[in-house]
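Peer 1: Below you will find the structure I want to go over with you.
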Amino acid sequence: MTSASRTRLEPPVGFRGAFRQDEDALAVYSEAAGIGRVIPLSVAVPANEDDVAILVRWASEQGVSLVPRGSGSSMAGGAIGDGVSVDLSRLRTIEDADRDARTIRVGAGALRGDVDRRAQLVGLRFPVDPSSGEFCTIGGMVAANAAGARSLMHGATRAWVRALDCVFDDGTLATIRRGGAPPDGVAAIRRFLGGAHRRLLERRHRSHPGVLKDSSGYAIGDYARSRDVVDLMVGSEGTLAVITAVELSLAPVAGARASLLVSFPDLEHAVEAAVHAREHGASACELLDQTFLAIAASSSHPMPVTPGVEAVLLVEIEAADGSAATAMARHLHEAFTAFGADRVIVALDPEQEKALWSLRHAASPALARLDPRLRSMQFVEDAAVPPAALAEYVRGVRRILAAADTAGVIFGHAGDAHVHVNPLVDVRRPDWRQTVERILLDVTDLVARLDGTITGEHGDGRLRTPLLDRVWTTDELRDFRAIKDAFDPRNLFNPGVKVPLPGQRAVDVVKYDPALDALPPRARDALALIERERAYGRFRLDLL
Ligand SMILES: Cc1cc2nc3c(=O)[nH]c(=O)nc-3n(C[C@H](O)[C@H](O)[C@H](O)COP(=O)(O)OP(=O)(O)OC[C@H]3O[C@@H](n4cnc5c(N)ncnc54)[C@H](O)[C@@H]3O)c2cc1C
């Protein structure tokens, strides 16, 4: 990369935030948490929503695209692109929570952990709890329809969004409110309601109806049910508008909790037990597969599981008070034993619970100690299948990895039949790229055969958008294009996400490729720090 060889852009007139085109700034925004790297054209950091509107009008005049981003913790390449990288993390105001209405209004760049802490001050919480919650933004969560372990009970982000402030393609700023009339004077919404809207209401078939979580494509099923533009905007991954502020619903804090760690000799029994846990009100039910347990066992973490088991479930219960939690834990203990569990450990106080849940993080230190050329890559990391197909999916993934002579770690949200897979790719092998592509296509075909979705919570990004035709019908792909054309006819917002560009490849520049040109040292050190310390919530320009 040389900045001299790149078009130099004059910053938008009246723009108050940072606007940078130096090599360090471009490089530090060229990556997010996934495998991709794309050097942006420039970096813009709006100071407020007026800046966003100015930027959108300017981009439209200049004919350049905008790639919105929050913390850049997403894995599918939706937050990187060759347009102007728009860092929304400075829009981070958090108003006091309204205890009576159970709502809170925040800037799109507010971090989820900070929002939850503010809600807790009045006995409420934001119950969508991604593992990245301390460092991902609310705007990023809305854009990806992020979820977490407790989405089993509380649902994904969509269910908690009451209103969104958005800047549309002509620079108009408007609020869309759940259940409210569409705002006047927004050409994008008028175009949508005049055309694509009808297509969606007429659509009878919907792909992968049996999955419990879906962040792929636009939310055409949810929209057809609610006819609410909020539902369509959630999960649109920065392709329809830029979100500047969000009003969220809040839930009361849980009265009491309990947890169980359960070892199963085989996957099928674990899956049956997970279905039971979901149907009996568990708030979380996580799967640790034998691949995960093998890596975790190589760390110094104590292994409270029966040796040789195929699967472990970590189950959490939320209840009104301690005695209700204890009663539920007792019921699940008995049920899991009846489902063939080898060992059940019950934790009834927060310290014991923390110790049980620490197993979920036990693979990370061992993965960090791996030979640096063996890279844990997220490119098949987010499929969800109908619950009855979960065991077949996990076994299928293991077979695909073995056929590619590639180790991997499989874990995830058993209650939602939603599985994370981190293949450990040896980038010394001359065929490593073909191996990645083979695994990606084979896993995608497996997902399609099981009528699953390729992304349960992380989104399609640039990685999965070229694969959408394998898991959605031609009519549904036309719906996606019609939605995009209505909201963003000039392809200003995040082109190549949700609707593929001609010739777009799923696996393009991979940041782990040893043959890549080195990034400037300061940017490289900043990116290494972000990845090592999960410092996605730090302002990138401050790290240079
Ligand atoms: C260690 C780790 C654990 C994770 N665990 C989870 C998990 O448990 N559950 C889960 O769902 N995800 C998880 N993720 C993925 C990621 O954290 C989520 O997708 C999160 O919602 C992304 O938020 P962000 O602020 O980083 O957004 P970014 O990565 O910056 O952006 C994500 C997408 O949203 C768009 N976008 C961002 N802000 C805006 C905006 N204001 N307006 C319009 N579009 C916007 C971007 O264009 C992009 O397409 C994890 C990631 C990591 C690294």
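Peer 1: Need the C-alpha centroid separation for the range 255-330 versus the range 381-396, integer Å.
Peer 2: Here the answer is 18 Å between Cα centres.
Peer 1: Sticking with this structure for a sec: Between helix 390-403 and the chain, what is the angle of the helix's C-alpha long axis to the longest principal axis, kept within 0 to 90° and rounded to the nearest 10?
Peer 2: Long axis of 390-403 versus the principal axis of the chain: about 80 degrees.
Peer 1: With a point put 7 Å past each Cα toward its Cβ, work out how far ASP542 is from ASP96 in nm, to one decimal.
Peer 2: Each label point lies 7 Å from its Cα, and together they span 2.6 nm.
Peer 1: Same structure again: For the range 262-377, compute Rh as the Kirkwood radius over C-alpha pairs and then the Stokes-Einstein diffusion coefficient at 25 °C and 0.890 mPa s; write the answer in µm²/s, rounded to an integer.
Peer 2: The calculation lands on 164 µm²/s.
Peer 1: Also, I was wondering about something else. Scaled to the compact-protein estimate 2.2 N^0.38 Å, what is the alpha-carbon radius of gyration of the chain, rounded to two decimal places?
Peer 2: That ratio works out to 0.94.
Peer 1: Let me ask another. How large is ³J(HN,Hα) for each residue in the range 197-205, as worked out from phi by the Karplus curve 6.51 cos²θ - 1.76 cosθ + 1.60 (θ = phi - 60°), to whole Hz, x for Gly and Pro?
Peer 2: Taking θ as phi minus 60°, the curve returns 3, 5, 3, 5, 6, 7, 5, 8, 8 Hz for the range 197-205.
Peer 1: Quick one: which residues, 5+ away or cross-chain, put their amide H under 5 Å from the amide H of HIS420? H built at 1.01 Å from N.
Peer 2: Those lying under 5 Å, H to H, from HIS420 are PHE411, GLY412, HIS413.
Peer 1: Still on this structure, please answer the following. Regarding the range 337-496, what are the three Cα extents along the principal axes, ordered largest first, in Å?
Peer 2: Extents along the principal axes, in whole Å: 55, 40, 29.
Peer 1: Further question: Add -39500 (n - 2.57) for each DSSP H run of 4 or more in the chain, then divide by its residues: what number comes out at 222 nm, to the nearest 500 deg cm²/dmol?
Peer 2: The helix contribution divided over the chain gives -9500 deg cm²/dmol.
Peer 1: Using the Cβ atoms and a cut-off under 9 Å, what net charge is assigned to the surroundings of ALA144, where Lys and Arg are +1 and Asp and Glu are -1?
Peer 2: -2
Peer 1: Return one number: the angle in degrees, 0 to 90 and rounded to the nearest 10, between the long axis of the Cα atoms of helix 521-533 and the longest principal axis of the Cα atoms of the chain.
Peer 2: Approximately 30 degrees, to the nearest ten.
Peer 1: Let me ask something else about it. Just how far, in whole angstrom, is the range 484-544 from the range 180-216 if you go by their alpha carbon centroids?
Peer 2: Rounded to whole Å, the Cα centres lie 28 Å apart.
Peer 1: Give me the one-decimal nm value for the distance between modelled label points at ARG190 and ALA47, 7 Å along each residue's Cα-to-Cβ direction.
Peer 2: In this crude label model, ARG190 to ALA47 measures out at 3.3 nm.
Peer 1: Using alpha carbon centroids, what distance separates the range 407-432 and the range 74-125, in Å?
Peer 2: 29 Å
Peer 1: Right, next: In whole Hz, with x marking every Gly and Pro, tabulate ³J(HN,Hα) for the range 87-104 from phi via Karplus 6.51 cos²θ - 1.76 cosθ + 1.60, θ = phi - 60°.
Peer 2: 7, 9, 5, 7, 8, 10, 5, 10, 7, 5, 5, 8, 4, 6, 7, 6, 9, 8
Peer 1: Further question on the same structure: Just to confirm the number: angle between the C-alpha axis of helix 322-338 and the first principal axis of the chain, 0 to 90 degrees, nearest 10?
Peer 2: 70 degrees
Peer 1: How do PHE339, PHE168, PHE487 rank when sorted from fewest to most other Cβ atoms within 10 Å of their own Cβ?
Peer 2: The fewest-first ordering by Cβ neighbours comes to PHE339, PHE168, PHE487.
Peer 1: Express in % the proportion of alpha carbon pairs of the range 59-164 at distances exceeding 15 Å.
Peer 2: More than 15 Å apart: 64 percent of the Cα pairs in the range 59-164.
Peer 1: What list of ³J(HN,Hα) couplings, whole Hz, do you get for the range 416-421 from phi and the Karplus terms 6.51, -1.76, 1.60, once you set θ to phi - 60° and write x for glycine and proline?
Peer 2: My calculation for the range 416-421 gives 9, 6, 10, 10, 9, 10 Hz in order.
Peer 1: Any number yet on Rg/Rh for the range 280-321, C-alpha, Kirkwood?
Peer 2: Radius of gyration relative to Kirkwood radius: 1.09.
Bear in mind these aren't lab numbers, they're just calculated from the coordinates by the rules spelled out. Fair warning: this is a prediction, and the values are worked out from it, not measured in the lab. Heads up, the Cβs are rebuilt from the backbone with ideal geometry, glycines too, and the neighbour counts pull from every protein chain shown.
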